[in-house]
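To start, the structure under review is shown below, and the notes come after it.
The values are calculated or read from the model by the stated rules, or taken from the named source; none is laboratory data. As the structure is a computational prediction, the values presented were derived from the model and not from experiment. We place every Cβ from the backbone using ideal geometry, glycine too, and count neighbours over all the protein chains shown.
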Amino acid sequence: MVDSVAKIWMNGQMVDWEDAKVHVLTHTLHYGLGIFEGIRYYDTPDGPAIFRLTEHLKRLYDSCHICRIEVPYAWDTLWNAHLDVVRVNGLSDGYIRPVVYLKDGPMGLLVKEDHPVGVFIASWAWGAYLGEEGLKKGISAKISSFCRNHVNAMMSKAKVNGAYVNSILAKREAIQAGYDETILLDTEGYVSEGSGENLFVVSGGRIKTTPLTSVLAGITRDTVMTLAEELGHEIVETRFTRDELYIAEEAFFTGTAAEVTPIRMVDDRTIGEGKPGPITKAIQDVYFKVVKGQDPRHRDWLTVV
Ligand code: PPE
């Protein structure tokens, strides 16, 4: 269970945690068309600060645009609601989960423009996504027998609720087999991403990441690309194969939940020396300094609550 906090913002009001409910005929529950985001806030010297709220909110609206869902609230309303959720719950750091969902309305697959749309913004405390030890020592991953959703079967730029069935199938398979996380290939067989993370490798001294085709345009991915360039590294967005991953010097996942998590093993092949490599460690280190407001750069990424 998620540890409860006091309040959830739901359709314009702050409601008590136990009262934040939807009807069983909520359309999104039946068919999965809905949009969500995952945002973290961190304890900084100036108090809790939300990391890259602008970019997350933009992706929320963009995802809705892709799926032709009209968000019934203005940008400023949702912006302030995120801040209010953090304030009212009083945690110093945590995770925020806005969801835009199709309410109960006409059933069936013909979703009309006037289908009622709801929005809620929940938050909870969420520690290291792949475990504290994983963050420090790296995790193991298994290439999935499931492919990442094909780009013309599911919109990869939209964070659609239903798209995550693909992630859940892959993740469960990997955990069942004794690994910490899964890595999906795209439908052409190239490395795509984790169940909820983008993927980077250090290969021949260069940092590579999957281009924005089959993957979500991760905000952490973008953050890490910026920070790595500032550390003097060149980043190449290019396709690579699973065997290139096997012989990479380093590999790591990025994501709001996963932050920067080193990968120490893929399909029982040790990556590099089987522990976080120097480039991964340097990026991880600067990432945590930036999100926690301990680095003078990129203060514009932080919204102090
Ligand atoms: N790919 C996928 C498929 C994905 O779900 C995420 C985020 C990312 C890449 C990284 O995106 P970003 O957070 O903008 O850097 N996954 C979210 C959901 C995780 C969950 O288990 O729930 C997250 O990290 O918040």
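If you go through region 175-190 and pick out every residue that is within 14 Å of the ligand (Cβ to nearest atom), among the hydrophobic types (A, V, I, L, M, F, W, C) and farther than 22 Å from residue 281 by Cβ, you end up with 3.
For the subset of region 192-223 comprising residues that are assigned to a strand (DSSP E or B) and free of Cβ contacts under 8 Å to residues at least 40 places away in the same chain, which member is nearest to residue 58 (Cα to Cα)? Among them, the one singled out is 209.
Scanning region 253-267 for residues that are of a type in the set (A, V, I, L, M, F, W, C) and within 25 Å of residue 124 (Cα to Cα) yields 253, 257, 258, 260. If the condition is being surrounded by fewer than 16 Cβ atoms within 10 Å (Cβ to Cβ) and assigned to a loop (DSSP other than H, G, I, E, B), then region 276-294 contributes only 294.
Between 116, 72, which is without any contact (Cβ under 8 Å) to a residue 24 or more places away in the chain, away from the ligand (no atom under 16 Å from the Cβ) and of a type outside the set (Val, Ile, Thr)?
Result: 116 is the single residue among 116, 72 that is without any contact (Cβ under 8 Å) to a residue 24 or more places away in the chain, away from the ligand (no atom under 16 Å from the Cβ) and of a type outside the set (Val, Ile, Thr).
Set side by side, the residues 189, 178 differ, and just one is more than 25 Å from residue 101 (Cβ to Cβ), touching a helix residue (DSSP H, G or I) at 6+ places or on another chain (Cβ under 9 Å), of a type outside the set (Phe, Trp, Tyr) and part of a loop (DSSP other than H, G, I, E, B), which is 189. Among the residues here, residue 267 qualifies as surrounded by fewer than 17 Cβ atoms within 10 Å (Cβ to Cβ), modelled with pLDDT of 95 or more, within 23 Å of residue 133 (Cβ to Cβ) and away from the ligand (no atom under 16 Å from the Cβ). Checked against the criterion of being under 20 Å from the mean Cα position of the chain (by Cα) and of a type in the set (Gly, Ala, Ser), region 96-119 has no qualifying residue.
Okay, residues lined up against (1) on the phi < 0 side of the Ramachandran plot; (2) of a type in the set (Gly, Ala, Ser):
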residue	(1), (2)
198	yes, no
203	yes, yes
208	yes, no
217	yes, yes
220	yes, no
232	no, yes
243	yes, no
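Confirm whether residue 145 is polar (S, T, N, Q) and either without any contact (Cβ under 8 Å) to a residue 40 or more places away in the chain or part of a helix (DSSP H, G or I) (or both). Against the criterion (polar (S, T, N, Q) and either without any contact (Cβ under 8 Å) to a residue 40 or more places away in the chain or part of a helix (DSSP H, G or I) (or both)), residue 145 qualifies. Within region 142-168, which residues are of a type outside the set (S, T, N, Q), surrounded by 16 or more Cβ atoms within 10 Å (Cβ to Cβ) and more than 20 Å from residue 60 (Cα to Cα)? 142, 143, 146, 147, 148 - these are the residues of region 142-168 that are of a type outside the set (S, T, N, Q), surrounded by 16 or more Cβ atoms within 10 Å (Cβ to Cβ) and more than 20 Å from residue 60 (Cα to Cα). When the residues of region 224-239 are narrowed to those that are more than 16 Å from the ligand (Cβ to nearest atom) and assigned to a helix (DSSP H, G or I), which ends up nearest to residue 187 (Cα to Cα)? If we take residues in region 224-239 being more than 16 Å from the ligand (Cβ to nearest atom) and assigned to a helix (DSSP H, G or I), then 229 is nearest to residue 187 (Cα to Cα).
The condition of being within 26 Å of residue 289 (Cβ to Cβ) and either modelled with pLDDT of 95 or more or touching a Pro at 6+ places or on another chain (Cβ under 7 Å) (or both) holds for only one of 93, 84, that being 93.
Rundown of residues vs (1) basic (Lys, Arg); (2) within 24 Å of residue 212 (Cβ to Cβ), yes/no style:
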site	(1), (2)
101	no, no
120	no, no
126	no, no
133	no, no
137	yes, no
143	no, yes
176	no, no
199	no, yes
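Of all residues assigned to region 205-216, at least one qualifies as being more than 25 Å from residue 147 (Cα to Cα), more than 15 Å from the ligand (Cβ to nearest atom) and surrounded by fewer than 21 Cβ atoms within 10 Å (Cβ to Cβ).
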